[in-house]
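Notes follow the structure.
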Amino acid sequence: MGRKKIENSVLWLGHMDVHTNKDAVLYFWREIFPLLQQQYPQAHMTFVGTAPPKEIEEAASRMTT
């Protein structure tokens with residue numbers, strides 16, 4: 001409460017070395033987010049968590065370059 005609303009954004013928080021969280025992040029990134037971007041081209045996402053597996057770090061670096 002009292003924080004500025006960020007339009008067209010998704011924020012995920014969690015410990016990424018838990019396999020269910022890693023699977024959820026990758027599924028959302030690969031399958032759901034592209035659908036959101038079709039509807040909302042300005043959409044962006046932020047995943048915040050400890051111990052991101054190499055697979056997530058590599059995917060993130062491909063998205064930002």
If you go through segment 1-29, how many residues are β-branched (Val, Ile, Thr) and within 11 Å of the chain's Cα centre (by Cα)? 2
Output the qualifying pairs, or none if there are none: Cβ atoms under 8 angstrom, residues six or more apart or on different chains, first residue in segment 1-25 and within 13 Å of Thr50 (Cα to Cα), second residue of a type in the set (S, T, N, Q). Trp12/Thr46; Gly14/Asn21; His15/Asn21; His15/Thr50; Met16/Thr50; Asp17/Thr50
Tyr27 open to solvent by 80 Å² or more (accessible area, probe 1.4 Å), closer than 22 Å to Glu57 by Cβ and of a type outside the set (Val, Ile, Thr): yes
Within segment 30-50, of all residues that are open to solvent by 60 Å² or more (accessible area, probe 1.4 Å), under 19 Å from Ser61 (Cα atoms) and not polar (S, T, N, Q), the one farthest from the chain's Cα centre (by Cα) is Glu31
Out of the residues in segment 3-22 that are in a loop (DSSP other than H, G, I, E, B) and among the hydrophobic types (A, V, I, L, M, F, W, C), state the one that is least open to solvent (accessible area, probe 1.4 Å). Met16
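The values are calculated or read from the model by the stated rules, or taken from the named source; none is laboratory data. All values reported here derive from a predicted model rather than from experimental measurement. Note that we place each Cβ from the backbone using ideal geometry, even for glycine, and neighbour counts take in every protein chain shown. Surface areas here come from the heavy atoms of the whole protein model, side chains and all, with no ligands, DNA or RNA. Shrake-Rupley method; radii C 1.70, N 1.55, O 1.52, S 1.80 Å.
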